[in-house]
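One structure is given here, and the rest of the page talks about it.
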Amino acid sequence: MPPKHKPDHLALGAGLASLSFGNAVLLPVLVPLSTENSLPKSAAGLVLSLGALMVPLTAPWWGNRADRFGPRGVFGIGVGGGLLSFLLTGAAFALAHRGTITAGIALALLCLARILYGALASGSLPPEDPRRRNHCGPPPRSSGHR
């Protein structure tokens, strides 16, 4: 009989999958959308780098918050932050495409969106660790990956 999954595990998995899917969609379209909106290709690299830089800087802080206040709220902030980031990214490209904002303002909004993603979505990572420990049982937990 397959193991039963608690609703928390399903919500956690769905939240992490949605963040991963959002990034998987963003990566191949960021450069073409950037160049279409008069931004250099290097702007896409800057935008992605800023988001990636924020994750190791903020994840320990989120881990501390998850330990102090519980993982559910921290996870919700992480997924919500990811959603906010993707909405801001879409809005920046849409406004730039219509000519409502300049390429420079679009770049600033894209940088802000990815900084928000890295800083807030990294909050979804610390709650995953205790769930994995509880789900996989006692050490050696990684023995199935060898």
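Bear in mind that the values in this text are calculations on the coordinates, not laboratory data. Note that the structure is predicted; figures quoted are calculated from it, not measured. In this analysis, Cβ positions are derived from the backbone assuming ideal geometry, glycine residues included, and neighbour counts consider all displayed protein chains.
Calculated FRET efficiency, E36 to A11, Cβ-Cβ distance, R0 = 41 Å: about 0.70 to the nearest 0.05. Each residue in R98, R65, R114, R72 was given a count of other beta-carbon atoms within 10 angstrom of its own, and listing them fewest first yields R98, R72, R65, R114. Based on the alpha carbons, how large is the Rg to Rh ratio for region 32-135 when Rh follows Kirkwood? Result: Rg/Rh = 1.10.
Rounded to the nearest Hz, the phi-derived 3J(HN,Hα) couplings of region 39-49 under the Karplus curve 6.51 cos²θ - 1.76 cosθ + 1.60 (θ = phi - 60°) are 9, x, 4, 5, 4, 4, x, 4, 4, 5, 5, where x marks glycine and proline. Relative contact order for region 32-135: 43 percent, from Cα pairs under 8 Å spaced at least 6 residues apart, divided by residue count.
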